[in-house]
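*Asks:* Supplied in structure tokens, the structure appears directly below.
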Amino acid sequence: MADIKVEKKKGWKDLPACDYLEAGSAAAFETGDWRSEKPVWIPENCIQCLFCWVYCPDSSVIVKDGQMTGFDYKHCKGCGICATECPGKKGNKAIKMEAEKK
Amino acid sequence: MANLKELSKRPELLSGGHRLCAGCGAGIIARQVMMAAADKPVVVANATGCLEVSTTIYPFSAWKTSWFHSAFENAAASCSGMEAAYKALKRTGKVDKDIRFITFGGDGGTYDIGFQSLSGAMERRHRMLYVCYNNEAYMNTGIQRSSATPLGAYASTSPVGKVKKGKEQIKKDLTKVMVAHNIPYVGQTAVGYWNDLTTKVQKALETDGPTFINVLQPCRLGWGYNPADTAVLGRLAVETCFWPIYEVVDGKYKINVKPKEKKPITEYLKLQTRFKHLLRPENAGIVAEIQKNIDENWAWLQMMEECSNKAGV
């Protein structure tokens, strides 16, 4: 019989406590290329209700000082919730979905 | 409570670039809960599930706050442990900040797998908020039925064919189970009512004790609908009284949203492929049973609200 060396099992003190991930680092991952349709903002129909912002699952509606200013196309997945929720002005929506061009 | 303009000026605690589906309701719930909580330092514990997996794909994290994941079944226990440690540190003067604790769990991690750790954490009266994003099945692993899956719904483990017609049992009413824990705040709400959800989160976080909010979350993958209609479907669940919006504060019931006219349940069922088979004439009996359950629950809820008002509980 050859010598079999059994490695000593690591004790709990030798194991890493946990994995650490950098906060908010997912922003470096661009999910914008998932999109088949993109939302387009029409400022003249916008009443700044911010419903698009509050219902966006991807934090992709850019709001500065309480005003909607456009979309973050690097992360927007093109679900279209913003366009559905947009009440618009006098029935004219301030967000419409357009097909992505190649 | 804070309006949208005020909320928009708070720091965004969930970044874009997470890998939830386009139009995912869980992303909406997580963002709205975090924007309501962002006025104070907040620690988040997350049960295994869509939200946990998609927001923290190694080596990325979408969370811009302290966030912790250990396992499927013990998110509430992890959070209660962190809260207990925080209390000890505060008592000995090592921490002086006012920190809030929130746990996120899906319906699988809350209704089924994490149920006993949640029950334990609530019974031990930890000051923490548990938010269940309830999409009514195990969506992350391939749409298996959970105890939150409603009667008649398709799931990969409650299939639809010649013999089986989707899930054969009614869902568990976890909100009522949490009320039975006699905790100071229990709420039920749905995606599509941002004001109701953010108000409930703020109320819960101000409560000194364990709190629970059950949020119905349309899942575009498991429910089968156009992703743009996530919030529309949440509102339809409330307008048909399939998922009433109410809160129980110190045992007192209050219905927060009363639909002007109660829509028939078929309005809700017909938009989702998981219920598609129910619209066939031979399955009319199942639809009638769903409608009967809704009517009974709605009548019960109104009675509870009336009793609470009369008794001034």
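*Asks:* Calculate, for segment B:4-311, the solvent-accessible area per residue in square angstrom, rolling a 1.4 angstrom probe over the heavy atoms of the protein chains.
*Replies:* Heavy-atom accessible area per residue stands at 39 Å².
*Asks:* Order B:238-249, A:41-52, B:83-94, B:277-288 from most to least packed using the mean count of other Cβ atoms within 10 Å.
*Replies:* Numbers: B:238-249: 22.0, A:41-52: 16.0, B:83-94: 12.7, B:277-288: 14.2.
Taking the mean over residues of other Cβ atoms within 10 Å, the ranking is B:238-249, A:41-52, B:277-288, B:83-94.
*Asks:* Taking 2.2 N^0.38 Å as the expected size of a compact globular protein, what ratio does the Cα radius of gyration of segment B:128-187 give against it, to two decimals?
*Replies:* 1.35
*Asks:* Further question: Roughly what % of Cα-Cα distances in segment B:1-144 sit above 27 Å, to the whole percent?
*Replies:* Summing the P(r) tail past 27 Å for segment B:1-144 gives 21 percent.
*Asks:* Please find the FRET efficiency linking A:D65 to B:Q202, where r is the Cβ-Cβ separation and R0 is fixed at 30 Å, and quote it to the nearest 0.05.
*Replies:* In this case the efficiency is close to 0.85.
*Asks:* Next question, about the same structure. Residue by residue through segment B:83-93, what is 3J(HN,Hα) from phi via Karplus (6.51 cos²θ - 1.76 cosθ + 1.60, θ = phi - 60°)? Round to whole Hz and write x for glycine and proline.
*Replies:* Calculated HN-Hα couplings, in order: 5, 5, 5, 4, 4, 5, 5, 5, 5, 8, x Hz.
*Asks:* While we're looking at this one, here's another question. Can you give me the Cα centroid spacing of segment A:19-62 and segment B:19-62 in angstrom?
*Replies:* Between the Cα centre of segment A:19-62 and that of segment B:19-62, the gap is 14 Å.
*Asks:* When only alpha-carbon atoms are used, what values of Rg and Dmax, in angstrom, describe the protein assembly as shown?
*Replies:* Rg, Dmax (Cα atoms, Å): 22.2, 88.
*Asks:* Separation between the B:K97 and B:T141 pseudo-spin-labels, each 7 Å from Cα along Cα→Cβ, expressed in nm?
*Replies:* 3.5 nm
*Asks:* Report relative contact order for chain B in percent, whole number only (criteria: Cα-Cα under 8 Å, sequence separation at least 6).
*Replies:* Result for chain B is 15 percent.
*Asks:* Rounded if a/c is under 1.5, else prolate if a/b beats b/c, else oblate: with a ≥ b ≥ c from the C-alpha gyration tensor eigenvalues square-rooted, which is segment B:4-311? Display every interim value, and only then the final one.
*Replies:* Details: a/c = 1.78, a/b = 1.43, b/c = 1.25.
Judged from the Cα gyration tensor, segment B:4-311 comes out prolate (a/c at least 1.5, a/b above b/c).
*Asks:* Provide the packing ranking of B:43-50, B:299-306, A:92-99, i.e. peptides ordered by the mean count of other C-beta atoms within 10 Å per residue, highest first.
*Replies:* So the order, starting with the most tightly packed, is B:43-50, A:92-99, B:299-306.
*Asks:* With a 1.4 Å probe, how much accessible area is buried between chains B and A, both sides summed, in Å² to the nearest hundred?
*Replies:* What B and A bury together is about 3000 Å².
*Asks:* If you don't mind, there's one more thing I want to ask. For segment B:98-111, just list the computed ³J(HN,Hα) in residue order, Karplus coefficients 6.51, -1.76 and 1.60, θ = phi - 60°, integers in Hz, with x standing in for Gly and Pro.
*Replies:* With coefficients 6.51, -1.76 and 1.60, one gets 9, 10, 9, 10, 10, 10, 10, x, x, 5, x, x, 10, 5 Hz.
*Asks:* Turning to a different aspect of this structure: Of all accessible surface on chain A at a 1.4 Å probe, what whole percent is carbon and sulfur?
*Replies:* Roughly 53 percent of what the probe reaches on chain A is carbon or sulfur.
*Asks:* Spin-label point model (7 Å from Cα, Cβ direction): what's the B:E261 to B:K276 distance in nm?
*Replies:* Modelled inter-label distance: 3.0 nm.
*Asks:* Where in segment A:60-84 is the amide nitrogen less than 19 Å from a point lying 7 Å along the Cα-to-Cβ axis of A:E30?
*Replies:* A:60-62, A:70-79
The values are calculated or read from the model by the stated rules, or taken from the named source; none is laboratory data. Fair warning: this is a prediction, and the values are worked out from it, not measured in the lab. Ideal geometry is used to build each Cβ from the backbone, glycine not excepted, and the neighbour counts take in all protein chains shown. SASA here: full protein model, heavy atoms, side chains in, ligands and nucleic acids out. Shrake-Rupley method; radii C 1.70, N 1.55, O 1.52, S 1.80 Å.
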